[in-house]
């Protein structure tokens, strides 16, 4: 079959979706990757996947959405896909509309986390639910990563087609504990004392990932913080790291590492992982940390609370609560035995539920290919 995999930006295609694309192509299907142009598409093409860049605005502006849908429609009519499989909020809306207009036989949508969430103001949340419901009239298959999203979709009749929760996953051959000498080598390169507790955060440098609360919390936590991530060119939010320049003591313990290709090494050299996001779908970074054997401190939100068993594999704290976040991080930073026990339990849970091979197999089975 000829299968389109569509998302908004090259980061998602190269960093998150590539294993699925390769698995489909290895089964003999022709796979075409469509997203906005970007340098990371070179990685996708190097894996043998044909790419057709189309500018997809990460905006709900109706005019921008219409332009993206028209451009996508032209490509879909040219390619005559058997399946269009869409990902990410805006791309999934315009992509499903374009696929429906192009009479694609099967339109599938993987919701990595609906854009609307429980902490969103109800008028705004209702508007996004309505948009999803309208796009759902052109959706033959909805795959959610979280059970919570699947339950909501069933309860509200969000799509006209079938619904299944597939989870999320990472490769346990890549994310796993490492020998002590490897941990020390990574710390040396990053200028971090060998005996200092290290907290790792992986995520785009935008406020909704919880950075303002995390930086505030770190003033009360005796540990170093490694931050792996950057703002995407298409992110509209203001930078969140300006306050660090005004706090010399905090700047000495907070290491902004930018976009990294060595996240498995960072995970293995850290002692604790945190993701204080305001909203998520089914965050892969938490699964990566669990696979590596790290205890996790996360916010009590959709997806994260499905992955982290509070008190067993980590701790859950309220959203945007710097005091609670500081208390949880400080507790585990000062208690190596407890975080080791939590990390071990988390790795066992991740191996059982979040092996990437199993998640990809579920998607392929549901797509019927």
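Just so you know, all these numbers are worked out from the coordinates, no wet-lab data involved. Just so we're clear, the structure is a prediction, and the values are computed from it rather than from any experiment. Virtual Cβ from ideal backbone geometry, glycine too; neighbours counted across all protein chains shown.
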- [ ] Could you estimate the translational diffusion coefficient of the range 97-196 from the Stokes-Einstein equation, with Rh from the Kirkwood formula over C-alpha pairs, at 25 °C and 0.890 mPa s, in whole µm²/s?
- [x] 146 µm²/s
TODO: Using just the helices of the chain, give the 222 nm mean residue ellipticity in deg cm²/dmol: DSSP H runs with n ≥ 4 each add -39,500 (n - 2.57), and the total is spread over all residues, rounded to 500.
DONE: -12500 deg cm²/dmol
Open item on the list: Given R₀ = 35 Å, what would the calculated FRET efficiency be for residue 164 paired with residue 262, taking r from the Cβ atoms and rounding to 0.05?
Closed with: 0.55
Open item on the list: Which three numbers, in whole Å and largest first, are the semi-axes of the equivalent ellipsoid of the chain derived from its Cα gyration tensor as √(5λ)?
Closed with: 36, 21, 20
- [ ] Using DSSP, restrict attention to beta bridges with both residues in the chain and report what percent are antiparallel, rounded to the nearest 5.
- [x] 0 percent
TODO: Answer rounded, prolate or oblate for the range 308-365, using the Cα gyration tensor with square roots of eigenvalues a ≥ b ≥ c: rounded when a/c is under 1.5, else prolate when a/b is larger than b/c, else oblate.
DONE: oblate
Open item on the list: Output the 0 to 90 degree angle, nearest 10, between the alpha-carbon long axis of helix 322-333 and the longest principal axis computed from the alpha carbons of the chain.
Closed with: 60 degrees
TODO: With the convex hull built on the Cα atoms of the range 252-369, state its orientation-averaged projected area in nm².
DONE: 8.4 nm²
Open item on the list: As an exercise, use a Förster radius of 56 Å and the Cβ-Cβ distance of residue 309 and residue 74 to find the FRET efficiency, rounded to the nearest 0.05.
Closed with: 0.75
- [ ] Would you mind checking the tilt of helix 147-156 against the longest principal axis of the Cα atoms of the chain, expressed as 0 to 90 degrees and rounded to 10?
- [x] 40 degrees
- [ ] For the range 26-94 and the range 293-354, compute the distance between their C-alpha centroids and round to whole Å.
- [x] 36 Å
- [ ] Give me 133, 122, 66 ranked fewest to most by other Cβ atoms within 10 Å of their Cβ, as a rough exposure proxy.
- [x] 122, 66, 133
Task: Anisotropy class of the range 1-157 from Cα gyration tensor, a/c 1.5 cut - done: prolate
Open item on the list: What is the angle, in °, between the Cα long axis of helix 356-367 and the longest principal axis of the Cα atoms in the chain? Nearest 10 is fine, range 0 to 90.
Closed with: 20 degrees
Task: Residue order, fewest to most beta carbons within 10 Å, for 175, 11 - done: 11, 175
Task: Least to most buried among 115, 109 (fewest other Cβ within 10 Å first) - done: 115, 109
Open item on the list: Let me see the P(r) profile for the range 180-353: every Cα-Cα distance counted, bins of 10 Å, each bin given as a percent of all pairs.
Closed with: 11, 42, 38, 9, 0
